[in-house]
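Each reported figure results from applying straightforward, stated rules to the coordinates on display, with no laboratory input. Predicted model, so just to flag it, every value in this text is computed and none were measured. Note that we place each Cβ from the backbone using ideal geometry, even for glycine, and neighbour counts take in every protein chain shown.
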Amino acid sequence: MLLIGDGSAQLTIQEMGVIIREKLPAVIVLVNNDGYTVERAIHGPDEVYNDIAPWRWELVPQLFGAAEEDHLFRRATTEAELLQACQDAMENRDKLVFIEAVTHRDDIPQLLEDVANALKR
Ligand SMILES: Cc1ncc(C[n+]2csc(CCOP(=O)(O)OP(=O)(O)O)c2C)c(N)n1
Ligand SMILES: [Mg+2]
């Protein structure tokens, strides 16, 4: 089970090829918040260096060789869709399940906001 950001995933995505080659029944939850949100919170909320290319995540398992019947892709933009995607993952334990959880660009936890404000001070 992997929980990963969209920015981090763009640096490490080739490991999905290993997951597919080894037929690992992984569940990957990718938080798509359109870039380096933790960095935006710390410095440069609208600077281009915190932007990333918008990838077509639904195509990525195929790119790395996953057969149609061996993987499941779900995009969740609401809590209900995320819960459904998790349900689908539980019912497909033999497959690679790739969930794109879409959140707002600037949706951050209170703790991160507090830390960022302390750093700015
Ligand atoms: C190899 C490498 N490059 C750069 C960084 C600096 N860095 C730390 S967090 C981060 C952004 C992470 O973005 P994302 O994975 O999308 O997470 P988010 O904060 O958006 O949830 C970057 C670039 C790093 N830790 N490692
Ligand atoms: Mg991100």
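Here is how the numbers come out for the structure above:
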quantity: Estimated 222 nm signal from helices in the chain, with DSSP H stretches of n ≥ 4 weighted -39500 (n - 2.57), rounded to 500; calculated: -10000 deg cm²/dmol
quantity: Per-residue ³J(HN,Hα) for segment 42-57, Karplus 6.51 cos²θ - 1.76 cosθ + 1.60, θ = phi - 60°, Hz, x for Gly and Pro; calculated: 7, 7, x, x, 10, 6, 5, 6, 9, 8, 10, 5, x, 7, 8, 4
quantity: Cβ-based net charge around G65, under 12 Å, with every Lys or Arg adding one and every Asp or Glu removing one; calculated: -1
quantity: Added length on full extension, which subtracts the Cα-Cα distance from 0.36 nm per residue, Q110 to I42; calculated: 23.2 nm
quantity: Difference of contour (0.36 nm per residue) and Cα-Cα distance, I4 to D94; calculated: 30.3 nm
quantity: Top of L63, L30, L11 by mean-square fluctuation, Gaussian network on the chain, Cα under 10 Å; calculated: L11
quantity: Fraction of the pair-distance distribution of segment 2-120 above 22 Å, Cα-Cα pairs, percent; calculated: 39 percent
